[in-house]
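> Provided herewith is a single structure, encoded as structure tokens, for subsequent inquiry.
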Amino acid sequence: MSDLFDEVADAPEPEEPRTSRRAVRAQEEARRRRRNRRTRTGIVVVLTLGLLAAVAWFALPQVRETLGFRPDTSAEDYPGPGSGETDVTIPIGASGSEIASTLVEAGVVASERAFTDAYANDPTAAGIQPGTYTLMEEMRAEDAVAALLDPASRNEITMTIPEGFTRTQVMERIAANLEVEVEEVASALEDPAAIGLPEVAEGEVEGWFGPATYAFEPDATAEDVLAEMVSYQVARLEELGVPEDEWQSVLTRASIVEREVNIDEYMPQVATVIQNRLDDTTETHGMLGMDSTVLYGLGRSGGIPTRDETENPDNRYNTYVHPGLPPTPIGSPGETAIDAVLNPAPGDWLYFVTINLDTGETLFAETLEEQNENVQLLREWQAENPSS
């Protein structure tokens, strides 16, 4: 038995299977690939983070600019309150950073950052209006924001053109506000195209100065002012949907409505009377018979024309003897009068008369007989109020 065990003990060890060595090599290869993947992934992550950082570096200023702020490494601010004064113009649509840049250039604030911080901290700062302001130099940024929100700081010419103002009255108002001679304003009217007068007006400026309150820069010229007023009137006609070829007719009718009554509720009825009289061929024969047009032709804006004045054919604006509309509007109509012409009241009236010149009470009539009765009420009022 010992010989048998010796043979077994002396036998060579069996050779390691080939599959085991392949498995080891496969495992090592897998580990190597994993190490390579981790290395490549790390490189990609680093590159991606670098790219994102670069994008953020360049994009952040653009985003801040869109939000109304510019990067500024300095928040230097003046101690205030400031001294002297300077005029600064804030353009339409200016952002907070654009206003800041303007103020820095004018010496009003010390840095853009100081102003944009003050702008951001004031919830009402978005209400800063475009225009020209008179500000002190070397102000605290917070005080500059407050000054731009104060209407008293605005340095501009405010001008109001009332409804019904004639060309002459408009010229006088412009001259007084610009502190120039009326002749200078009249000179600007000699070139209708320069002030934007539409071709449909055929060179006649009466009626084209839109009644409104305007604000102009201190250096505005008569031409600038006239152009703005014409532009306003054109914009209003466009907004109301009036066809361009009807602009002159609508303004002419509306100007008569504006001058004939001073109570808005009567305007649509007066507009109806105008249209009915223009259409009538038997009683009024297409003649308006309006006192306001006669007075305009005489260079007056109030009162009642005499019989001789209503019978004078030399007056081109005498609608008692000349059928149809007068040659031009007789003043600058407001939106209420224009709207009345576009939306006249339903009715068959051919006449109307204001029977109380103090209150403006007006009566409308379909027949001449009824009109004569209403006119008698006016005569009685005049007798009781001779000073009027």
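> Look through 194, 120 and report the one residue that is within 27 Å of residue 246 (Cβ to Cβ), in contact (Cβ under 8 Å) with a residue 12 or more places away in the chain and exposed (fewer than 15 other Cβ atoms within 10 Å of the Cβ).
194
> Restricting to segment 276-299, name every residue that is charged (D, E, K, R), over 15 Å from residue 256 (Cβ atoms) and under 41 Å from the mean Cα position of the chain (by Cα).
Looking only at segment 276-299, we keep the residues that are charged (D, E, K, R), and these are 277, 279-280, 283, 291.
In the following step, the residues that additionally are over 15 Å from residue 256 (Cβ atoms) were identified as 279-280, 283.
Within segment 276-299, just 279 meets the criteria.
> Give the residues of segment 359-387 that are touching a helix residue (DSSP H, G or I) at 6+ places or on another chain (Cβ under 9 Å) and either hydrophobic (A, V, I, L, M, F, W, C) or not assigned by TED's automatic domain parsing to the domain that holds residue 290 (or both), sorted by residue number.
Listed by number, the residues that qualify are 363, 364, 365.
> Taking segment 73-100 as the region of interest, how many residues are surrounded by 16 or more Cβ atoms within 10 Å (Cβ to Cβ) and among the hydroxyl-bearing types (Ser, Thr, Tyr)?
Number of matching residues: 3.
> Which condition breaks for residue 330 when tested against (1) assigned to a helix (DSSP H, G or I); (2) closer than 21 Å to residue 233 by Cα?
It fails just one condition, (1).
> Still on this structure, I have one more. Kindly establish whether residue 362 is more than 21 Å from residue 246 (Cβ to Cβ) and at pLDDT below 95. Explain how you work it out, then say what you get.
Numbers: more than 21 Å from residue 246 (Cβ to Cβ): yes; at pLDDT below 95: no.
When the stated conditions are applied, residue 362 does not pass them.
> Could you list, in sequence order, all residues of segment 164-180 that are modelled with pLDDT of 95 or more and among the acidic types (Asp, Glu)?
Within segment 164-180, 172 is the sole residue that qualifies.
> Give me a count of the residues in segment 246-267 that are of a type in the set (Asp, Glu) and buried (at least 20 other Cβ atoms within 10 Å of the Cβ).
Of the residues in segment 246-267, 2 are of a type in the set (Asp, Glu) and buried (at least 20 other Cβ atoms within 10 Å of the Cβ).
> For residue 113, are the conditions met, namely being touching a residue at least 24 places away in the same chain (Cβ under 8 Å) and in the same structural domain as residue 204 (by TED's automatic domain parsing)? It would help to see each step written out before you state the result.
Values: touching a residue at least 24 places away in the same chain (Cβ under 8 Å): yes; in the same structural domain as residue 204 (by TED's automatic domain parsing): no.
Taking the combined requirement at face value, the residue does not satisfy it.
> Do you know which residues across segment 147-167 are free of Cβ contacts under 8 Å to residues at least 24 places away in the same chain and either assigned to a helix (DSSP H, G or I) or aliphatic (A, V, I, L, M) (or both)?
Scanning segment 147-167 gives 147, 151, 152, 153.
> Quick check: anything in segment 268-281 in the same structural domain as residue 307 (by TED's automatic domain parsing), surrounded by 15 or more Cβ atoms within 10 Å (Cβ to Cβ) and of a type in the set (D, E, K, R)?
yes
The values are calculated or read from the model by the stated rules, or taken from the named source; none is laboratory data. All figures in this text were calculated on a predicted structure; none of them were measured in a lab. Every residue, glycine among them, receives a Cβ derived from its backbone with ideal geometry; neighbour counts consider all protein chains shown.
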